[in-house]
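Coordinate-derived values only; no laboratory data. Worth saying up front: this structure is predicted, and the values here are computed from it rather than measured. Cβ atoms come from the backbone with ideal geometry, glycine included; neighbour counts cover every protein chain shown.
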Amino acid sequence: MIDTHTHLYSEEFDADRDEAVKRAIDNGVTQFIIPSTDMSNFDAMMKLCNDYPGICFPAVGLHPTSVKHDYGDELAFVEKQLDSNRFVAVGEIGIDCYWSMDYIAQQCDAFEKQVKLAEQRNLPVIIHARDSFAEIFSILDRIHNSNIRGVFHGFSGSRDDYLKIKKYGTFKIGIGGVVTFKNSKLPQVLDIISITDTMLETDAPYLTPHPYRGKRNESSYIPIIAQKIAELKNISIEEVNRITSENARKIFDI
């Protein structure tokens, strides 16, 4: 299995990072996509990926909640790194209208510029969309072409949102722990999301699946998410693992 979105470099793992990686591998999770969020955690992300070559794969980007008045410097840093190192994606990027509306115009600008950086380098994008599908769709509609591809990570949108994404034809849907939450609407939406459009993720250390909610999330919980998808789709967990892993390898070229 592949965890297509985990922040294993974060300080929540400082006490047991190697053990967390081992637990995941012991549970069948053998590869990890590691997106950065801004300059402050880039070095930690790169160290992790250098410590686990062929297992942890880095992505570089400016997260929407990290967009502040100095976002131009952050974008310049992203572009410099893309020119200096190999990454599997530009991410985590996107727009977040949930936490604050203070820098929404700047978020939109940063998102569009980073999508274009990815397009120029033939890289996929990892999109964070929280209460912001309308804004993201507006930008993608304006600039989208066949070279723009990637994943809508931590998907929590509606059926209409998924059908809109499908019209682009080049994006996958990241499904994480939210699908296991008791009051989640995602299981009803998952009814129309094809398994061939799906990838597994944790977003660790956040969004821990049931029955571990309230504790730190980690990649070893990917089988819980896979099992829930298998139950909802009425297919075997082996089929979920095979198809979602194929999707991830194709999108991220790993």
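Would you mind calculating the relative contact order of the range 29-186 from Cα pairs under 8 angstrom and at least 6 residues apart, reporting the percent as a whole number?
It rounds to 17 percent for the range 29-186.
Viscosity 1.002 mPa s, temperature 20 °C: give me the Stokes-Einstein translational D for the range 157-236 in µm²/s, with Rh taken as the Kirkwood radius over C-alpha pairs.
D = 165 µm²/s.
Using the alpha carbons of the chain, what is the convex hull volume per residue in cubic angstrom, as a whole number?
For the chain, the hull spanned by Cα atoms encloses 116 Å³ per residue.
Just grab the label-to-label distance for Arg23 and Asp73, each label 7 Å out from Cα along the Cβ direction, in nm (one decimal).
Computed distance between label sites Arg23 and Asp73 equals 3.7 nm.
Per residue, how big is the convex hull around the C-alpha atoms of the range 150-200? Give it to me in cubic angstrom, could you?
Cα convex hull per residue, to the nearest whole number: 65 Å³.
Can you give the percent of C-alpha pairs in the range 74-189 whose distance is more than 24 Å?
The proportion of pairs with Cα distances above 24 Å equals 26 percent.
Any idea what diffusion coefficient the range 6-58 gets from Stokes-Einstein, in µm²/s, Kirkwood Rh on alpha carbon pairs, 20 °C, 1.002 mPa s? Please list the in-between numbers first.
Working: Rh = 11.1 Å.
After rounding, the answer is 193 µm²/s.
When the helix-only estimate is applied to the chain (DSSP H runs of n ≥ 4, each -39,500 (n - 2.57), divided by the residue count), what is the mean residue ellipticity at 222 nm, nearest 500 deg cm²/dmol?
-12500 deg cm²/dmol
Pairs of alpha-carbon atoms within less than 8 angstrom and 6+ residues apart define the contacts here; what relative contact order does the range 118-234 have, in percent?
About 21 percent, as a whole number.
List the pairs from Lys164/Lys228; Lys47/Lys166; Lys116/Lys164 whose alpha-carbon separation is above 31 Å, in the order I gave them.
Beyond 31 Å: Lys47/Lys166.
Short version: what are the Cα gyration tensor semi-axes of the range 29-123, square root of 5 times each eigenvalue, largest first, in whole Å?
Numbers: eigenvalues 108, 39, 28 Å².
Semi-axes (√(5λ), whole Å): 23, 14, 12.
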